[in-house]
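Asker: Right, I'll just put the structure down here and ask away after.
The values are calculated or read from the model by the stated rules, or taken from the named source; none is laboratory data. In this text the structure is predicted, and so the values were computed from the model without any measurement. Methodologically, a virtual Cβ is constructed for each residue, glycine included, from the backbone with ideal geometry; neighbour enumeration extends over all protein chains shown.
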Amino acid sequence: MKKYFSISAFAFLMLCFSVAFSSCKDDKSPLVGTWEYYGSVIGEDADAFIVTISFSSDGNGTSRVDYGSGKWEGASFKWLTEGNILTIIMGVGDSQTSESGRFEIKDNKLYIIYGENGIEVYIRK
């Protein structure tokens, strides 16, 4: 009887701990959602473009660049954060590349800062 009680007590404690810790988990990153970046190429034939990037809560994402006149390109990626560092991983196997930058979200704007000189500002859609 004593052995049965200890196994039951242990199982009950494990259940309590798993419920307690799973309720503390932050399931939704503030990045989750769709964001747009409006840009243009500098030069004689300055063309405007729109980048739409979507972050899913499962760590997957999609990006689409619309160049106007029906021209666009898209890609899927994986993403993760560590503190305020965002890493986007694209491709598979040997062709896999990643890019990281510091991010901040203020007033429905996502700022991604790459190094000292590069910054992109996305607006929540």
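Asker: What's the total number of residues in the range 101-125 that are modelled with pLDDT under 95 and hydroxyl-bearing (Ser, Thr, Tyr)?
Answerer: Result for the range 101-125: 1.
Asker: OK, next. What residue, among those in the range 61-98 that are more than 12 Å from the chain's Cα centre (by Cα) and in contact (Cβ under 8 Å) with a residue 12 or more places away in the chain, is farthest from residue 41 (Cα to Cα)?
Answerer: Looking at residues that are more than 12 Å from the chain's Cα centre (by Cα) and in contact (Cβ under 8 Å) with a residue 12 or more places away in the chain, I get 90.
Asker: I would also like to ask the following. Residue 90 - would you say it is hydrophobic (A, V, I, L, M, F, W, C) and at pLDDT 85 or above?
Answerer: Taking the combined requirement at face value, the residue satisfies it.
Asker: Another one. Could you tell me whether any residue of the range 15-28 is at pLDDT 80 or above and at negative phi?
Answerer: Within the range 15-28 (the criterion being at pLDDT 80 or above and at negative phi), the answer is yes, since at least one residue qualifies.
Asker: Among the strands (runs of 3 or more DSSP E) confined wholly to the range 57-125, which include 3 or more residues that are exposed (fewer than 14 other Cβ atoms within 10 Å of the Cβ) and not basic (Lys, Arg)?
Answerer: 60-68, 71-82, 97-106, 118-124
Asker: Within the range 66-113, which residues are aromatic (Phe, Trp, Tyr) and over 16 Å from residue 35 (Cβ atoms)?
Answerer: First pass over the range 66-113, keeping only residues aromatic (Phe, Trp, Tyr): 67, 72, 77, 79, 103, 111.
The answer is 67, 72.
Asker: If you don't mind, there's one more thing I want to ask. Can we say residue 54 is closer than 15 Å to residue 34 by Cα, among the polar types (S, T, N, Q) and outside any loop (DSSP other than H, G, I, E, B)?
Answerer: Working: closer than 15 Å to residue 34 by Cα: yes; among the polar types (S, T, N, Q): yes; outside any loop (DSSP other than H, G, I, E, B): yes.
Yes.
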